[in-house]
Amino acid sequence: MADALKLTGVVLRTVDYGESDRVVTLLTAERGKVSAFARAARASRRRFGGALEPFTLLHAEARERRGADLISLESVVVERGFGAIRADLARIACAGYACDLARELVRDAEPHRDLLMVLVEYLARLDAGPARPTALRAYELLALAAAGLMPRLAACALCGEALGREGRHAFDPSHGGALCAGCSPRASPAAPRLAPATIAALARLQQGGLALAEAEPLAPAAGVEAREALSSFVEYHLGSRLPSRKFLDEIGPMLSS
């Protein structure tokens, strides 16, 4: 007997299956990350229309079948399609990366309402205006925090002492964040070195989120350092660089600060 489900979430990824079906990965408020089988999704416009596209916020009715890995998607209603994103390559790249990062940071069937809220807020801001690097850095910080992987920026990740305002500090993912001058020699040789101003700006973003990203964009030099630091942090925890991140880097010059 199938159990009925009502879900609200964002489409993170779709994969075509067979001649007409589609497998959809959703980040939902009720069940966290789930995979759903949409039968005849590519053949029937009546059932799903264009709803099963990445970075679409929707309400879904589904059925969970005992013993099956995938739930069965019965119907969907789009709450917000974020259509303006799809008209701009830079915004598409940022939204795709944001969805991929959310997908990789969490395990299946573990609710992460905070992460879903951050993703929806970021997609809404992308939908309303151009892609901006500072907003993407804020999203990365908030997504990491929601997944329990928040980098330590307010004090040394090893000893807890103040970081100081002189020199450059190691930002070591293996130790959980920024290191003070005394602990920096213990960092990996590959760990990025950041100016104190960059670390302070990232700490403010971590607290102020996407609203602060609009009000206080990173200076160009700090933006470059922040991008490399958070990229290394994400890759350390995921074990590899996301293909969507590689694409984002390729179109990077299109992004305004």
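Between Ile251 and Ser72, the simple spin-label model (points 7 angstrom out along Cα→Cβ) gives 3.7 nm. Rg/Rh for the range 114-175 (Cα atoms only, Rh after Kirkwood) is 1.09. When both the range 7-49 and the range 144-185 are represented by their alpha-carbon centers, they are found 40 Å apart. Ordering Ala109, His237, Ser174 by Cα displacement along the dipole of the chain toward the positive end leaves Ala109 in first place; charges were set at the Cβ atoms of Lys, Arg (+1) and Asp, Glu (-1).
In the chain, the DSSP-assigned H stretches of four residues or longer account for a calculated mean residue ellipticity at 222 nm of -12500 deg cm²/dmol, using -39500 (n - 2.57) per stretch and the full residue count as denominator. Using all Cα-Cα distances in the range 58-147, what percent lands in each 5 angstrom bin from 0 up to the longest? Result, from short to long distances: 2, 13, 21, 20, 19, 13, 7, 3, 1 percent. Largest GNM mean-square fluctuation among Ser174, Ser244, Ser184, using the chain with Cα springs under 10 Å: Ser174.
Mean projection of the Cα convex hull over all viewing directions, computed for the range 1-158: 10.7 nm². Restricting the count to DSSP beta bridges whose residues both fall in the chain, what percent are antiparallel, rounded to a multiple of 5? Counting only bridges with both partners in the chain, antiparallel ones make up about 90 percent.
With R₀ set to 35 Å, the beta-carbon distance separating Val15 from Glu235 gives a calculated FRET efficiency near 0.90. Rounded to the nearest 20 debye, the dipole magnitude of the range 170-257 is 180 debye, with +1 charges on Lys and Arg beta carbons, -1 on Asp and Glu beta carbons, and the Cα centre as origin.
Taking the simple approach of a point 7 Å from Cα along Cα-to-Cβ for both Ala128 and Glu30, what is their distance in nm? For the pair Ala128/Glu30, the computed spacing is 2.9 nm. For the chain, find the longest principal axis of its Cα atoms and tell me its angle to the long axis of helix 89-105, 0 to 90°, nearest 10. Value to nearest ten degrees: 90.
As an exercise, identify the GluC sites (Glu not before Pro) in the range 1-110 lying in DSSP coil whose Cβ has no more than 16 other Cβ atoms within 10 Å.
Values: sites: Glu19, Glu30, Glu61, Glu64, Glu74, Glu79, Glu104; in loops: Glu19, Glu30.
Passing sites in the range 1-110 are Glu19, Glu30.
Which shape class applies to the range 36-101: rounded if a/c is under 1.5, otherwise prolate when a/b exceeds b/c and oblate if not, where a ≥ b ≥ c are the square roots of the Cα gyration tensor eigenvalues? The shape class here is prolate. Taken about its Cα centre, the range 12-136 carries a charge dipole of roughly 220 debye when the Cβ of each Lys and Arg holds +1 and the Cβ of each Asp and Glu holds -1.
Rounded to the nearest 20, the Cβ-based charge dipole of the chain about its Cα centre (Lys and Arg +1, Asp and Glu -1) stands at 240 debye. Classified by the C-alpha gyration tensor, the range 109-213 has a prolate form. Its axis ratio a/c, with a ≥ b ≥ c, is 1.5 or above, and a/b is larger than b/c.
Throughout, read-outs are computed from the coordinates displayed, never taken from laboratory work. This is a predicted model, so every value here is computed, not measured. Neighbour counts run over all protein chains shown; Cβ positions are idealised from the backbone, glycine included.
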